Amino acid sequence: MACALISVLGCQGQIADPARPPAAPTDPGVHCEDPTTATSPLRHITRTEYDFIVRDLFDLELRPSESLAPDDVTTGYEVGSLVSPLLAEQYLYAAEAVGAAVDLDALGECDPAARGEEVCARELLTPLARRAYRHDLTVEETAAIIRAFARGRAFGGYRAGLRHALASMLVSPQFLYHVELNPSDAEPGSVHGLTSFELAARLSFFVWRSVPDEELLDAAASGALDTPEGLSAQAQRLLEDARSSRGLHDFHRQWLGLDAFATLERDPAYYPGFTAAHAAELRASLEAYIDEVMRTDATVEGLLTSTFAMVSAPIAPLFGVEPPTEEGFHRVELDPDQRTGLLTHPALLTLLGKPNQSDPIHRGIFVRTKLLCQPLPTPPNDIIPVVPEPMAGQTTRERFDQHRSDPVCAGCHRLIDPVGFGFEHYDAIGRWRETDDDRPIDASGEIVDAADASGEFDGAVEMALQLGSSGIVRDCVATQWTRFALNRIEARQDACTTEDVRRRFAESGGDFRELLLAIVESPSFRHRQVPSERPTR
Amino acid sequence: MTTFSSRRRFIRQAALGAAAGTVLAPFVKQLERGGAQAQPAEIPKRFLVMFSPNGTIPSQWTPSGTGTEFTFRRILAPLEPHRARVLVTSGLNMSSTLIINHDAHQAGMGHALTAIPLLPGDTQGGCETCPPSSWAGGPSVDQVIADRIGTTTKLRSLELGVGVDGRARIYTRMCYRAAGQPLPPMNSPVDAYVRVFGDPNADADAVRNRLARRQSLLDHQLESLDALQRRLSAVDRERLEVHTEAVRDLERRLEAYTGTCNPPDLRPTPDIPSIGRMHADILAMAFACDLTRVGSIQWYHSGAYVPLPWIGVGERHHDLAHDTSPGSIEKLVRINTWYAEQFAYLIARLESVPQGTGTLADHTVLFWSNELSRGDLHIHTGMPFLMAGNIPRASDGQPTFATGRHVPLGGRAHNDLFITFLQAYGIETNVFGSRQLCSGPITQLLAA
């Protein structure tokens, strides 16, 4: 039953804080007068990106992602690392399926009988390929597409040729990979600006999760992206476009782990009537909340401390409000003593809940890892962490008392439990409760070892206000968005970028638009480092 | 979750009985009518792995008695009808997990079939002195076997999953082509069925046509990959080369596969137990048609937080595994007994397909793997490993393994079990995974 009687270094005193850059700009190893960045390994497009590309290029609602193997999440965000044999096969089938589904008549006007089949093929396919490959086509690339058309035509005529050429495009590495090339004769370790097309692609995939549109490609081709003003103008255009919701939703889906709603279950003995439909509705409510925050108060404080929610009839009881009379989600003002922002949203509290009880441990871990960027070790391998069952006569806080009393456990749990207990007013489906086991809730807590977010609070509302106004949370949010944008964990060479981004984010009062612009305009986003020539193994 | 979209129009929802035994019977008749790929002169060997998560309750798993005089306890009781085919290899340790002390679930999953330390990476876990990991540090035993016996079949191997978490990371992958090269399992029986069998209703012309078009696509892809290769730095070239090799392999196999196979219709139902049974059926049929010779079924993933409501367990498996109360232990015994039933079903599927004078079960080694022994203690000693089935010896065609026994192996490294397997499949080696842990094959397992 007890934690094993071994000494555990655990979390004593020091937490590695990756939210702080490992090297300050004054470190002689890293100078910021010249741009620096770390290497980015070759990546393939993610399956989310594949879906959006197909929608943008061909206006198809086909979802190739459903038939593609999952992307690597070792960085915490989905990155296309290695193509397995299964994925290689699935890419083939996806290309066939898309090629077969495209509405050829919507590609453009060209009468092959009048103008010639190959002329039409070239006219209809090359603009698509330019967008699919994210750059002006080389002579050889165009020739390869025409050859593919010809092979396809030999199988079944002009239209079959077009489909075959489209499928060929979709198995080409220029489509499947985010290709970024070294300048010829570049020294290993040297840093170079991305080409305009490479930059355009990074920008559109970051904000829209998809290929650039014609306007962005044209801006790249004309050199407009080569100046800070030109890049900023295009970045702002993309952010103002409706498609920017894709990047926003994709980031939050991964940062907050929203896919877990699909398999979430509650014990009907404790939460009768809570169904998969409610879980889905909660997720949608949270996403609608994020959208509304971005529309009206797009700051970290807005996200963490707004006192409204987007409520629909089926889940109104979870918020403790009257159901709206009309269908869909409606903005409802909440009681600020009970609800403040993301941390008190029933969706998040449900995600961080056990089937039959609240989950202070995982709620505390969420705050530590996702809002403070302080990773925590898992329990030592040879102790027996016992999950206390709900028991009459004990509140949740009392059931977890061993974490506090046993020194082996306390090393880490002093960082987690006092945070998690702050959420005790909310049950495992996010409803406000005044009592736990018939005793009044004690939601007092404390955040320790967290720079300017440290301090005591009583309840999650106070905690949210404490976190929402802190620099460490703001910096952590910047780190999360930067990892998402760069598709890797920040390295020593990204110190200049990290500093610039944090400074701009802070000076803007935690404004998300400013954050995304700062990331796009940062050295790490606009440059690449040539890898060393030595293979990894 | 599984999607059964209308695109899968050729999976007819026929009114097939789901009772054991009926699904493969009509298929076997078709085989005899010559509708399947011609069997090679020598019956091929196959290999199959099943994985279940969160360890077990060793006191209810380990048989009492040893040798041929043993009695199954509760958890393995479902294997009693197949007693003669089962070889319980108790007492093996995943000693490789001790070389670098990673988080127990990361290590358990990554080492289960590779027996070698994990690669460093960005995935946090473990104690303060434990480095973050990325993937396993070497190939899995099934892939080494596949490299030997799977070179000519349509698929080198088939990785299937039941409810495997959608995040690709160390906790959810057990099969590896090589260090850092995980193989994703397919959760959808429909997708797996189509991948393995294609469209069984297509006529020969349509199949040939599709094949020709695919070859053309792959040719185009290889040309483009080659052109890009030359412009990349070494580390990126390596990455692209993995993809390129997969495409070349795919092209070779498409060319080589000319047979037809007429599997029975699949009746897709989305409940978990049915998915597991469908996967087992697909593997058995794929083996029978010689479309692949190596397969695996991964139930969920390490540390799975899933309830099993179909056996009346509403709590999540991982939560129960950490609860030592009698009520929870009882549920854990029931969960693991249920997994034993699934393993028994696999054996039964293979037994129902005739091969030569015997069945598929006489030409397949099945291995049941886990990530932990005691889920509560997070330990990797005394692993609940066992094997079933058999393959003929090269020397005299007699069975390789002396099955129908419980053989306690006293803390030997599981590297040695895999060396035993490799040698049985004709791979001449005395090492697998971490070399320092290898003593050689476990000769006690072999028939005289």
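Below are the figures for this structure:
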| quantity | calculated |
| --- | --- |
| Candidates B:Leu225, B:Leu183, B:Leu240, filtered to the one that is in contact with a His (Cβ under 9 Å, 6 or more places away or on another chain) and within 12 Å of chain A (Cβ to nearest Cβ) | B:Leu225 |
| Residue among B:Arg156, B:Arg148, B:Arg195 that alone is among the basic types (Lys, Arg), outside the structural domain of B:Glu371 (by TED's automatic domain parsing), under 18 Å from the mean Cα position of the chain (by Cα) and farther than 28 Å from B:Asp103 by Cβ | B:Arg195 |
| Qualifying positions in the range A:318-352 - part of a loop (DSSP other than H, G, I, E, B) and charged (D, E, K, R) | A:Glu322, A:Glu326, A:Glu327, A:Asp335, A:Asp337, A:Arg339 |
| Sole exception among (1) without any contact (Cβ under 8 Å) to a residue 24 or more places away in the chain; (2) within 26 Å of B:Val242 (Cα to Cα) for A:Asp111, by number | (2) |
| Where a residue in the range A:292-308 is closer than 19 Å to A:Leu517 by Cα and its partner, wherever it lies, is of a type in the set (Lys, Arg) and part of a helix (DSSP H, G or I), with Cβ under 7 Å and at least six apart | A:Ala298/A:Arg513; A:Val300/A:Arg474 |
| Residue in the range A:157-175 that is aromatic (Phe, Trp, Tyr), closer than 28 Å to A:Ser65 by Cβ and modelled with pLDDT of 95 or more present | yes |
| Leading residue by the ranking (farthest from the other protein chains (Cβ to nearest Cβ)) among those in the range B:357-378 that are open to solvent by 10 Å² or more (accessible area, probe 1.4 Å) and among the charged types (D, E, K, R) | B:Asp362 |
| Residue ID - nearest to the other protein chains (Cβ to nearest Cβ), chosen from residues in the range A:133-168 that are open to solvent by 20 Å² or more (accessible area, probe 1.4 Å) and in contact (Cβ under 8 Å) with a residue 40 or more places away in the chain | A:Arg163 |
| Test: residue in the range A:39-59 that is open to solvent by less than 30 Å² (accessible area, probe 1.4 Å), away from chain B (no Cβ under 11 Å), among the hydrophobic types (A, V, I, L, M, F, W, C) and within 30 Å of A:Gln493 (Cβ to Cβ) | yes |
| Qualifying strands (runs of 3 or more DSSP E) (wholly inside the range A:428-537; at least 1 residues being among the charged types (D, E, K, R) and more than 14 Å from every other protein chain (Cβ to nearest Cβ)) | A:444-447, A:455-458 |
| Only listed residue being open to solvent by less than 30 Å² (accessible area, probe 1.4 Å) and over 19 Å from the mean Cα position of the chain (by Cα), chosen from A:Leu256, A:Leu248, A:Leu203, A:Leu225 | A:Leu225 |
| Count of residues meeting criterion [small (Gly, Ala, Ser), without any contact (Cβ under 8 Å) to a residue 24 or more places away in the chain and under 19 Å from A:Leu515 (Cβ atoms)] in the range A:193-246 | 1 |
| Selection within the range B:88-105 - more than 23 Å from the chain's Cα centre (by Cα) and surrounded by fewer than 24 Cβ atoms within 10 Å (Cβ to Cβ) | B:Leu98, B:Ile99, B:Ile100, B:Asn101 |
| Enumeration of residues in the range A:467-514 that are crowded, with 22+ Cβ neighbours inside 10 Å and without any contact (Cβ under 8 Å) to a residue 24 or more places away in the chain | A:Ser470, A:Val501 |
| Positions within the range A:169-181 being open to solvent by 10 Å² or more (accessible area, probe 1.4 Å), facing another protein chain (nearest Cβ under 9 Å) and not in a loop (DSSP other than H, G, I, E, B), in sequence order | A:Gln174 |
| Listing of helices (runs of 4 or more DSSP H) fully contained in the range A:183-276 that carry 1 or more residues being within 14 Å of chain B (Cβ to nearest Cβ) | A:196-208, A:244-256 |
| Residue satisfying condition, being in the same structural domain as B:Asp142 (by TED's automatic domain parsing), free of Cβ contacts under 8 Å to residues at least 40 places away in the same chain and at positive phi, within set B:Gly356, B:Gly312, B:Gly327 | B:Gly312 |
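Conditions tested, residue by residue: (1) under 18 Å from the mean Cα position of the chain (by Cα); (2) open to solvent by less than 20 Å² (accessible area, probe 1.4 Å); (3) not small (Gly, Ala, Ser).
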residue	(1), (2), (3)
A:Gly328	no, no, no
A:Asp359	no, yes, yes
A:Arg368	yes, yes, yes
A:Leu372	yes, yes, yes
A:Leu376	no, no, yes
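The values are calculated or read from the model by the stated rules, or taken from the named source; none is laboratory data. Since the model is a prediction, treat every value here as computed from it, not as a measurement. Positions of Cβ are backbone-derived with ideal geometry, glycine not excepted, and every protein chain shown enters the neighbour counts. Quick note on the areas: whole protein, heavy atoms, side chains included, nothing else; ligands and nucleic acids left out. Shrake-Rupley method; radii C 1.70, N 1.55, O 1.52, S 1.80 Å.
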